[in-house]
Amino acid sequence: MATTGKVIRCKAAVAWEPNKPLVIEEIEVAPPQANEVRIKIVATGLCHTDLYHLFEGMHKDGFPAVLGHEGAGIVESVGPGVTEFQPGDKVIPMFTSQCRECRFCKSPKTNQCEKGWAVDRYDVMALEDTRFTYSKYLVNTCFRIFFNQNLMSFRFSVQHDGKESRFTCKGKKVLQFMGTSTFSEYTVVNQIAVAKIDPAAPLDKVCLLGCGICTGYGAAVNTAKVEPGSTCAVFGLGAVGLAAVMGCKAAGAKKIIAVDINPEKFEKAKVFGATDFVNPKDHDKPISQVLAEMTNGGVDYSLECTGNVGVMRSALESCIQAWGVSVIVGWTELHDVATRPVQLIAGRTWKGSIFGGFKSKDGVSEMVKAYLDKKVKVDEFITHNMTLDQINDAIELMKHSKCIRTVLNISPE
Ligand code: NAD
Ligand code: ZN
């Protein structure tokens, strides 16, 4: 390829500072170094976690950055040591890696990887208080209670190694978000965080399998391990929650209660298999009591997909004592989550789930196949298609809960 080994100048949406619109800029994307893959992004979704970084987390050290972690594209070139990928391969860049060698990757108990977010880079920013690397320093959880599969909160550690930045703009280093940065025509990702997918897959659809859909679906199937005939409740009906509804249905749940403060979401939830609908605003009593009355004591499984700690508590307390399982999927690092110990002593289990418990490379390739085999829905999540130039409109739609997923079409396939 004419661009191999060269810096590529291309368009990207740069988040210069928190709480401000993104700016379409020309950026420079460095050639892939050892074990890296440079990807032409074809399409990307916009997930609430991107908004979280921009409007809620707002740590100044996390800017300027190129956001976006729900993309799909085509390999443009590869760095030394890359054997798994070739230019032209269709791929999904992943925010969770799978090195296949570390003790987490070798364990069937987790989808985490000790080498995540480019362990040897300094230009990758994290979701919390620094922009630096993640990995061996991992593990500092917000909630350790009955926590047996997944981690939700990471601490990060500084590790400068003098390597060049992957992105620059106007002479300034631009940080990479979650190791991916898909709001750009090109990005560079470590090969351990790239999933090769079926060449038949339409990238402007399967990009959504890079985050939201796998996250919600897997939270039900892999983390909660929903059983046939059970009763479930899903709190929050964005793409993540709707995918959780789809997962509950695929697992054979007989009653799936969809909970959202925006009743416009209920029609869509029906499409994915929800059987009952509850708007907390319609009730004077706690939502856990409403659900307990609907289900003879509480649901077998609840999935929290809002990122609100009050909802996390309600979701736990909506579970039946003795065996109820509640999974936290929504993201926040700003607040503590609380409940009375008796809720857990009585036999409820509280878990967290990152990327739906899927080992990233394996899980995404399988989910792409499941989509091509018509076993999981993807198209139904897309409510809007836009271009990269319209990204601020897409952000406004999500901010005001007016979309499920907007797909930004960045380059033709
Ligand atoms: P979204 O903004 O599209 O959807 C959130 C939904 O929650 C909306 O429909 C909103 O009306 C509803 N909601 C808000 N407050 C509520 C309340 N009090 N009660 C009931 N419903 C309420 O977001 P999304 O993209 O679907 O993401 C959902 C959450 O999942 C976010 O917190 C996101 O950061 C998180 N997330 C986590 C992971 C992970 O790996 N754990 C991955 C992706 C996203
Ligand atoms: Zn996401």
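Computed from the coordinates by the stated procedures, all read-outs in this text should not be read as laboratory data. What you see is a predicted model; the values in this text were computed from it and never measured. Here the Cβ positions follow ideal geometry from the backbone for every residue, glycine too, while neighbour counts run over all protein chains shown.
Here is how the numbers come out for the structure above:
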quantity	calculated
Gap separating the Cα centres of the stretch 23-85 and the stretch 179-216, nearest whole Å	10
Over the stretch 177-268, relative contact order from alpha-carbon pairs under 8 Å, at least 6 apart, %	25
Electrostatic dipole magnitude of the stretch 224-352 [Cβ: Lys, Arg +1; Asp, Glu -1; Cα centre; debye, to 20]	280
Order by protection proxy (mean Cβ within 10 Å, highest first), peptides 246-253, 390-397	246-253, 390-397
Length released on extending from residue 276 to residue 346, taking residue separation times 0.36 nm less the Cα-Cα span	22.6 nm
Span per principal axis, largest first, for the Cα atoms of the chain (Å)	65, 39, 39
For the stretch 273-372: relative contact order, % (alpha-carbon pairs under 8 angstrom, 6 or more apart)	22
For the stretch 255-269, 3J(HN,Hα) per residue [Karplus equation, 6.51 cos²θ - 1.76 cosθ + 1.60, θ = phi - 60°, Hz, x = Gly/Pro]	10, 10, 8, 9, 10, 7, 7, 10, x, 5, 7, 5, 4, 5, 4
Residues 358, 104, sorted so that the one with the fewest Cβ neighbours within 10 Å comes first	104, 358
For residue 335, net neighbour charge (Lys/Arg +1, Asp/Glu -1) across residues whose Cβ lies under 12 Å away	-2
Ranked packing of 173-181, 256-264, most packed first, by mean Cβ within 10 Å	173-181, 256-264
Extension reserve of the residue 101-residue 227 stretch, reckoned as 0.36 nm per residue once the Cα distance is removed	42.2 nm
Cα gyration tensor category, rounded, prolate or oblate, for the stretch 224-352 with a/c compared to 1.5	rounded
C-alpha center-to-center spacing [the stretch 262-293, the stretch 312-357] in angstrom	18
Among beta bridges that DSSP assigns inside the chain, antiparallel share in %, nearest 5	55
Cα point-scatterer Debye curve for the stretch 326-411, base-10 log of I(q)/I(0) at q = 0.13, 0.18 Å⁻¹	-0.73, -1.06
Whole-number percent relative contact order across the chain, with pairs defined as alpha carbons under 8 Å at least 6 apart	18
Residue 362 versus residue 374: modelled label distance in nm, points set 7 Å from Cα along the beta carbon direction	2.9
